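Each reported figure results from applying straightforward, stated rules to the coordinates on display, with no laboratory input. Just so we're clear, the structure is a prediction, and the values are computed from it rather than from any experiment. Ideal geometry is used to build each Cβ from the backbone, glycine not excepted, and the neighbour counts take in all protein chains shown.
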Amino acid sequence: MPDKQLLHLVIGGELEDLEHNTFRDLTKVDLVGAYASHAEAVAAWRTKAQSTVDNALMRYFIIHAHKLLDPDKDDHHEH
């Protein structure tokens with residue numbers, strides 16, 4: 001039986017400051033992609049984060065969208 005698909009989104013952009021996760025300009029948020037596993041999302045996140053290492057305000061995040069879509073049915077899975 002295949003593993004259950006768990007939707008993970010990878011997004012990023014320049015933050016206003018290093019103290020908060022507030023994007024400087026929401027129109028410039030980079031939607032990297034949607035991934036069926038946490039491992040795939042981490043690989044995409046790592047690639048984008050490393051490509052922007054010269055900009056201290058640039059941050060990328062993994063959003064566990066499967067938890068947002070159905071929070072009551074989220075299995076306790078490992079990451």
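At a glance:
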| quantity | calculated |
| --- | --- |
| Distance histogram in 10 Å bins (all Cα pairs of segment 8-73, percent per bin) | 22, 47, 27, 4 |
| Sequence of Lys67, Lys48, Lys28 once ranked by neighbouring C-beta atoms within 10 Å, starting from the fewest | Lys28, Lys67, Lys48 |
| Percent RCO, i.e. relative contact order, over segment 8-73, from Cα pairs under 8 Å lying at least 6 residues apart | 44 percent |
| Table column - 3J(HN,Hα) (Hz), segment 44-52, Karplus curve with 6.51, -1.76, 1.60, x for Gly and Pro | 5, 4, 4, 4, 5, 4, 5, 6, 10 |
| In nm, spacing of pseudo-spin labels at Glu40 and Ile63 (7 Å Cα→C-beta vector) | 1.8 nm |
